[in-house]
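Colleague: Starting off with a structure, shown below.
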Amino acid sequence: MNITELLAEADARAAKGQIPLAEAFYRQVLDQVPLHPAALFGLGRLALERADPAQAEAFFAGAVRGMPGHPAYRVYHGMALRQLDLLDQAIITFQAAVRLVPDAVQPWLGLIDCLLARQDWSQARAMIGQAQQQGVMVAPLLTILGQGLARAGLTGEAEQAYGEAIAIDPAEQAAWLARASLHLKNRQLADALRDARQAVALDEGDARALVVLAAVLRAHQDLVGAIAAARQAVQLSPRLVDACAELGTLLHQAGEDAEGATHLLTAYRMAPHRLDVAYNLAACFMAAEDYPQAGQLYRQCAEAKPDWRDARTNLGVALLRQGRLSEAEVILQQAVAIPEVADAAGSPEARYNLAWVQLLQGNFRSGWQNYEARWDLPDFSSPHRPLPVPRWNGEADPALHLLLHAEQGLGDSLQMMQLVAQARQRVGRVTLEVPSALYRLALSLAGVDQVVVADLSDPARLPVPCDAHAPLMSLPLLLGLGLSDLPRATAYLNAPAPTTALCLPDSPLPRIGFVWAGSPHNKIDRYRTIPWPLFAPLAAGTGCAPWSLQWGQQPPEGINCCMAGVKDMADTASVIAQLDLVVGVDTAVLHLAAAMGRPAWMLIPFAPDYRWLATGDGSPWYPSLRLFRQHRSGAWADVMAEVRHALSGWVSEWGSGRIG
């Protein structure tokens with residue numbers, strides 16, 4: 001191939017995004033004619049595309065030296081200099097291009113962009129006037145002026161510039177698009193949608209316009225429409241980083257993490273410096289439980305922006321999920337320490353996750369203090385209670401009437417009920433407010449003078465007259481408890497006698513209750529729930545009479561149902577009292593069995609709930625509870641084998657009378 005053919009082939013390959021092949025053809029030209037301007041220019045454009053402005057500048061400088069009268073070489077050289085923030089040199093280069101083609105818009109665009117980078121608004125306006133005198137259509141120049149003003153936070157002036165551009169040329173698509181982005185940033189969503197749709201209508205093949213439309217639709221919570229727009233953008237421009245990143249982010253939000261990660265990974269490989277892409281890709285890896293990969297990306301973000309609290313917090317969570325608690329604690333303490341003036345967002349999340357790490361390590365003093373950050377979480381599961389009485393500070397006052405109110409899940413309340421008696425020793429009267437499912441059960445609790453059913457239709461309303469209040473989950477903090485101070489009561493909840501409907505038939509085999517799934521509404525349920533096909537061997541072939549303790553679902557074949565007549569946790573307790581053992585995942589039923597002092601085995605994930613600590617097969621909260629831990633994240637099969645072996649041994653001991 002001659003030089004003309006090589007250049008044509010290189011240009012064609014570059015247009016198709018076949019970068020390595022294009023580069024190879026350009027270099028073949030240089031092998032024949034060193035410093036060939038067109039080949040150097042082509043290599044410079046490839047370098048710009050892969051975000052290497054330094055190498056691009058060197059190539060463009062060579063092209064300009066070889067052909068100084070070529071305006072495109074000057075313009076691209078100026079673009080590379082601008083990306084390197086060499087503004088003086090870039091301005092000189094663009095001015096040279098303007099002298100070569102004073103009626104072309106591109107040199108003026110580059111020149112004005114450099115002036116805007118200096119925030120020299122008056123000179124930029126003057127250049128627009130000069131360009132207009134040369135016969136240049138100035139709508140694009142006003143658009144870039146608006147973009148510079150917007151970057152400087154001068155949103156009113158930016159919107160004015162965009163309006164001027166559109167008034168001069170209603171077909172100036174870039175102005176519509178830039179104004180849509182400005183409206184989106186200012187949360188003027190109706191205006192943003194109008195302008196984004198107009199930008200797409202003016203150029204349906206513009207992938208960038210579709211990306212902006214997708215972002216606007218996402219803000220309108222139209223996830224289906226946003227994904228459709230982003231898909232169209234990727235189809236039009238598969239190598240457009242913003243298109244791949246937007247589609248990947250939207251798919252992640254829609255729960256399609258595998259496909260989302262594919263598009264975000266494509267964007268990341270093209271632009272590994274883009275922290276927004278790295279951050280969203282990390283979120284997909286977290287959803288896929290690939291915590292090492294997620295951690296690497298969050299670390300990149302945190303190191304690039306040390307005051308980015310969310311990136312540092314999520315790095316801490318990724319380390320937590322890997323069981324690297326000491327490292328996680330250091331990172332999360334750093335996240336908490338970031339000043340509010342540097343990053344006002346995410347402080348409660350950082351403290352809350354730090355609490356988990358500290359409590360897992362048995363550091364109750366610091367952990368329970370940081371756990372109070374739960375009330376500032378935007379998506380906390382329990383409503384804030386702005387009650388018209390003060391929050392109890394834990395001090396003793398024999399005349400005080402204290403309201404203790406349940407929060408979060410039933411298991412949380414069951415766990416903390418064992419501390420109510422200690423609180424009662426410091427005050428004169430305790431009223432316990434609980435969900436209706438716990439009401440009858442709570443009547444048997446020591447240290448309670450009155451039990452009331454929670455009515456949260458008005459969270460600020462007191463259920464009874466009282467002097468102070470406290471959430472149940474704050475009792476360890478208010479009582480000043482360390483790990484060694486827990487009461488370790490063998491049984492603190494009692495079951496009522498079972499009704500006829502709840503009586504289990506006699507059996508020559510040990511009666512064992514099983515729970516394999518938690519509430520699907522719990523954010524961490526996917527870590528604790530075990531699919532029935534994987535769990536089923538525990539109930540079959542171990543020589544026991546298996547009973548399902550699952551609420552609200554028909555038990556699978558091969559396991560008996562004992563929950564049909566159960567109406568609340570007191571009924572559940574009546575059933576559990578007739579069982580010889582309860583085996584299951586981390587749910588309220590297991591809490592209840594342990595609170596009753598019944599033998600209970602709990603299967604917990606590799607990164608467990610904070611209350612189970614990081615190691616050990618026992619619990620400081622429940623003496624009758626035995627823990628079976630995952631050794632690897634998501635690996636339930638090994639736990640099943642361990643529990644099945646232990647269960648076979650337990651059944652043998654039961655049969656020989658060594659277990660009563």
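Colleague: Near Ala150, within a Cβ-to-Cβ distance under 15 Å, what is the net charge of the other residues, with Lys and Arg +1 and Asp and Glu -1?
Modeller: The answer is -2.
Colleague: Another question about this same structure. Counting only protein chains, not ligands or nucleic acids, how are Ser474, Ser633 ordered by accessible area (probe 1.4 Å), most first?
Modeller: Largest accessible area first, the list is Ser633, Ser474.
Colleague: What order, most packed first, do the peptides 26-37, 328-339 have when packing is the mean number of other Cβ atoms within 10 Å of each residue?
Modeller: Descending mean neighbour count gives 328-339, 26-37.
Colleague: Based on the Cβ-Cβ distance of Asp52 and Ile524, what FRET efficiency does E = 1/(1 + (r/R0)^6) give at R0 = 56 Å, to the nearest 0.05?
Modeller: Approximately 0.85, to the nearest 0.05.
Colleague: Taking only Cα atoms, what is the 0 to 90° angle, nearest 10, from helix 121-133's long axis to the longest principal axis of the chain?
Modeller: The angle comes out at about 40 degrees.
Colleague: Turning to a different aspect of this structure: Determine the shape class of the range 317-375: with a ≥ b ≥ c the square roots of the Cα gyration tensor eigenvalues, call it rounded for a/c under 1.5, and otherwise prolate if a/b is greater than b/c, oblate otherwise.
Modeller: oblate
Colleague: In whole Hz and in residue order, list the ³J(HN,Hα) couplings for the range 621-631 that follow from phi through the Karplus curve 6.51 cos²θ - 1.76 cosθ + 1.60, θ = phi - 60°; x for Gly and Pro.
Modeller: Listing the rounded values in order: 7, 9, x, 8, 9, 10, 9, 10, 9, 5, 9 Hz.
Colleague: What's the percent breakdown of Cα-Cα distances in the range 227-369 across 5 Å bins, shortest bin first?
Modeller: Over the range 227-369, the share of Cα pairs per 5 Å bin runs 2, 12, 18, 19, 17, 14, 9, 5, 3, 1, 0, 0 percent.
Colleague: How far is it, in nm, from the label point at Asp169 to the one at Arg239 when both lie 7 Å from their Cα along the line to the Cβ?
Modeller: Inter-label distance under the simple model: 2.7 nm.
Colleague: Counting each DSSP H run of 4 or more residues in the chain as -39500 (n - 2.57), what helix-only mean residue ellipticity at 222 nm follows after dividing by all residues, to the nearest 500 deg cm²/dmol?
Modeller: Theoretical 222 nm ellipticity from helices: -16500 deg cm²/dmol.
Colleague: Right, another one. With all protein chains present, how much of the accessible area of the range 1-128 (probe radius 1.4 Å) comes from carbon and sulfur, to the nearest whole percent?
Modeller: 54
Colleague: So, one more: State in Å² the accessible area per residue of the range 10-139; use a 1.4 Å probe, count heavy atoms of protein chains only, and round to the nearest integer.
Modeller: Heavy-atom SASA per residue in the range 10-139 reads 48 Å².
Colleague: To the nearest µm²/s, what D does Stokes-Einstein give for the chain at 10 °C and 1.306 mPa s, using the Kirkwood radius over alpha carbon pairs as Rh?
Modeller: Stokes-Einstein gives a translational diffusion coefficient of 53 µm²/s.
Colleague: Calculate the dipole size of the chain relative to its Cα centre from +1 charges on Lys and Arg beta carbons and -1 charges on Asp and Glu beta carbons; express the result in debye to the nearest 20.
Modeller: Dipole size: approximately 860 debye.
Colleague: Okay, next question. Can you give the relative contact order of the range 568-639 as a percent, counting alpha carbon pairs under 8 Å and 6+ residues apart?
Modeller: Value for the range 568-639: 26 percent.
Colleague: Under the classification rounded if a/c is under 1.5, otherwise prolate if a/b is larger than b/c and oblate if not, where does the range 343-477 fall, given a ≥ b ≥ c as square roots of the Cα gyration tensor eigenvalues?
Modeller: Cα axes put the range 343-477 in the prolate bin.
Colleague: Given C-alpha coordinates of the range 425-475, what is the ratio Rg to Rh with the Kirkwood estimate of Rh?
Modeller: 0.93
Colleague: Report the extension gain between Met67 and Ala8 in nm, rounded to one decimal, defined as 0.36 nm multiplied by the number of residues separating them, less their alpha carbon distance.
Modeller: Stretched fully, the Met67-Ala8 segment lengthens by 19.4 nm.
Colleague: So which lysines can Lys305 reach, going by Cα to Cα under 25 Å and dropping same-chain residues fewer than 8 places off?
Modeller: Within reach: Lys185.
Colleague: In Å², and per residue, what accessible area does the range 148-306 have when probed at 1.4 Å with the other protein chains present?
Modeller: Computed with neighbouring chains in place, this is 45 Å² per residue.
Colleague: Once the Cα atoms of helix 71-83 and of the chain are each reduced to a long axis, what angle between those two axes, in degrees from 0 to 90 to the nearest 10, is obtained?
Modeller: Between the helix axis and the principal axis of the chain, the angle is about 30 degrees.
Colleague: Moving to a separate point now. List the lysines whose Cα lies under 26 Å from the Cα of Lys523, skipping any in the same chain that are fewer than 8 positions away.
Modeller: Counting by Cα, and skipping residues close in sequence, Lys523 has these lysines nearby: Lys567.
Colleague: Something else now. Over what distance in Å are the Cα centres of the range 223-266 and the range 1-74 separated?
Modeller: Here the two parts' Cα centres lie 31 Å apart.
Colleague: Now for a different question. How high is the relative contact order of the chain, in percent, counting Cα pairs under 8 Å that sit 6 or more residues apart?
Modeller: Across the chain, relative contact order equals 6 percent.
Colleague: Once the piece of chain linking Arg269 and Leu35 is laid out straight, how much longer is it, given 0.36 nm per residue of separation minus the C-alpha distance between them?
Modeller: 81.2 nm
Colleague: Using only alpha carbons, build the gyration tensor for the range 296-402 and give me the equivalent ellipsoid semi-axes, biggest first, whole Å.
Modeller: Over the Cα atoms of the range 296-402, the ellipsoid semi-axes are 31, 16, 11 Å.
Colleague: Taking the solvent-accessible surface of protein heavy atoms with a 1.4 Å probe, what is the per residue accessible area of the range 484-543 in Å²?
Modeller: Accessible area per residue, the range 484-543: 53 Å².
Colleague: Let me make sure I get this right: for the range 134-207, a, b and c are the square roots of the gyration tensor eigenvalues over alpha carbons, sorted descending. Under 1.5 in a/c it's rounded, otherwise prolate if a/b > b/c, else oblate. Which is it?
Modeller: oblate
Colleague: Long-range amide H contacts for Gln408: which residues qualify at under 5 Å (H placed 1.01 Å from N, peptide plane, sequence gap of 5 or more or a different chain)?
Modeller: For Gln408, the qualifying residues are Ser382.
Colleague: Right, here's the next one. Can you compute log10 of I(q)/I(0) for the range 487-616 with the Debye formula, treating each Cα as one identical point scatterer, at q = 0.10, 0.12, 0.15 Å⁻¹?
Modeller: Results for the range 487-616 at q = 0.10, 0.12, 0.15 Å⁻¹ read -0.31, -0.45, -0.71.
Colleague: Quick one: pull the percent of accessible area on the range 585-637 belonging to carbon and sulfur, 1.4 Å probe, ligands and nucleic acids left out.
Modeller: Reported share for carbon and sulfur atoms: 51 percent.
Colleague: Hey, another quick one. Starting from 0.36 nm per residue, how many nanometres of slack lie between Gln450 and Arg365 once their C-alpha separation is accounted for?
Modeller: Answer, rounded to one decimal: 27.6 nm.
Colleague: Could you give the nm distance between label points at Gln119 and Leu479, where each point is 7 Å from its Cα heading toward the beta carbon?
Modeller: Going from the Gln119 label point to the Leu479 one covers 5.8 nm.
Colleague: Efficiency by 1/(1 + (r/R0)^6): what FRET value for Arg194 and Asp85, r their Cβ-Cβ distance, R0 = 30 Å, to the nearest 0.05?
Modeller: 0.25
Colleague: For the chain, take the longest principal axis of its alpha carbons; what is the angle in degrees between that and the long axis of helix 241-253, to the nearest 10 within 0 to 90?
Modeller: With both axes taken from Cα atoms, the answer is about 20 degrees.
Colleague: Which peptide among 611-622, 243-254 comes first, and what is the full order, when sorted by highest mean count of other Cβ atoms within 10 Å?
Modeller: Ranking the peptides 611-622, 243-254 by packing returns 243-254, 611-622.
Colleague: How big is the Cα convex hull of the range 254-297 in projection, averaged over all directions, in nm²?
Modeller: 2.7
Colleague: Right, something else. Sort 356-365, 635-644, 384-393 by the packing proxy (mean of other Cβ within 10 Å over each peptide's residues), most packed first.
Modeller: Per-residue mean Cβ counts within 10 Å order the peptides as 356-365, 635-644, 384-393.
Colleague: For an R0 of 60 angstrom, estimate the FRET efficiency from the Cβ-Cβ distance between Phe380 and Gln130 and round to the nearest 0.05.
Modeller: The computed FRET efficiency comes out at 0.55.
Colleague: Hey, what D do you get for the range 87-189 in µm²/s if you plug the Kirkwood alpha-carbon radius into Stokes-Einstein at 4 °C and 1.567 mPa s?
Modeller: Using the Kirkwood radius from Cα pairs, D works out to 95 µm²/s.
Colleague: On to the next question. Which net charge results when you count Lys and Arg as +1 and Asp and Glu as -1 among the other residues whose beta-carbon is under 15 Å from that of His36?
Modeller: -2
The values are calculated or read from the model by the stated rules, or taken from the named source; none is laboratory data. Not measured: the values here are computed from a predicted model. Positions of Cβ are generated from backbone atoms using ideal geometry, with glycine treated the same way; all protein chains shown enter the neighbour counts. To get the accessible areas, we keep the full protein, side chains included, count just its heavy atoms, and leave off ligands, DNA and RNA. Shrake-Rupley method; radii C 1.70, N 1.55, O 1.52, S 1.80 Å.
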